[in-house]
Amino acid sequence: ETGRADAHPMMVIQVGQPGGVLNAVGTGVAKLGTEKTGTGMRVRVTSGMDALVGAGDTELGVSASDSAHLSSRGLRHYEGRPQKSLRLALPGPPLILGFVVRADATYRSIGDLKGVAVPGDYPNARPMHFDGKAMLSTVGMTWDDLEVIPVASFRDGIQAFIEGRAEAAITSAG
């Protein structure tokens, strides 16, 4: 509702932090949707968007598939609070994840990162925590084998890497 009888309706799309792929996808959807449908679409940056969409606070949200799966079923950090009104409108882009290190680093495998400062925790981006856990498990390691620098989000982890507070960081390509 816009308050003007002749105005087009406005939709809100929840997106992740600027600099991340989910923000780029949501911003693109909002731009294209506005141009092609005449319905105004604007983005709202947040974390935990599945709960906001599920509660009806916004019409659309761009979310990682694992986060949408967990939230719709009330698993892990959504335990006891399944977001039953979520519906998949569009599958997200496939993300290829890995650890990034500087070009002159001596690390050549995930196993080489034992004891190294790496961003982790990710309370605002829990899929990143579980992705890291999965990658580390491929070489018999856990987060406890790293010097974890607590960060809230993917963007914060990359920023720690850029600033030199971390020697490696989880990132995606794709």
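The values are calculated or read from the model by the stated rules, or taken from the named source; none is laboratory data. Keep in mind it's a predicted model, so treat the numbers as computed, not measured. Neighbour counts are summed over all protein chains in view; Cβ atoms, including those assigned to glycine, are modelled from backbone coordinates with ideal geometry. Ligands, DNA and RNA are stripped out before the accessible areas are found, and what is left, the full protein with its side chains, is counted by its heavy atoms. Shrake-Rupley method; radii C 1.70, N 1.55, O 1.52, S 1.80 Å.
Dipole check for the chain: with +1 at the C-beta of Lys and Arg, -1 at the C-beta of Asp and Glu, and the Cα centre as origin, the magnitude is about 440 Debye. Residues whose amide H lies under 5 Å from that of Ile13, counting only those 5 or more places away or on a different chain, are Arg42, Val43, Arg44; hydrogens are built 1.01 Å from N in the peptide plane. Looking at the chain, the DSSP beta bridges with both ends there are about 30 percent antiparallel. Close amide H partners of Ala117, meaning residues 5 or more places away or on another chain with modelled amide H under 5 Å apart, are Glu147, Glu167.
In sequence order, the range 11-25 has phi-based couplings of 10, 10, 10, 6, 9, x, 4, x, x, x, 5, 5, 5, 4, 5 Hz under the Karplus curve 6.51 cos²θ - 1.76 cosθ + 1.60, θ = phi - 60°, and Gly or Pro positions carry x. Compute the helix-to-body angle for 126-137: its Cα long axis versus the longest principal axis of the chain, expressed 0 to 90° and rounded to tens. It works out to around 30 degrees.
Sequence-distant contacts, meaning Cα pairs under 8 Å at least 6 residues apart, place the relative contact order of the chain at 19 percent. Maximal additional length on extending the His77-Thr46 stretch stands at 9.5 nm, based on 0.36 nm per residue less the C-alpha distance.
For Lys31, the accessible area of its heavy atoms, probed at 1.4 Å with every protein chain present, is near 120 square angstrom. Sketch the reach of a paramagnetic label on His69 as a point 7 Å from Cα along Cα-to-Cβ, and name the residues of the range 113-153 whose backbone nitrogen lies under 16 Å away. Within reach of a label on His69, which here means backbone N under 16 Å from a point 7 Å along Cα→Cβ, the range 113-153 contributes 126-135.
The ellipsoid that matches the Cα gyration tensor of the chain has semi-axes, each √(5λ) in whole angstrom, of 35, 18, 13, with the longest given first.
Within the accessible area of the chain, the carbon and sulfur atoms contribute 55%, probe 1.4 Å, all protein chains present.
Between Tyr122 and Val151, the built amide H atoms are under 5 Å apart, and every one of these is 5 or more places off in sequence or on another chain.
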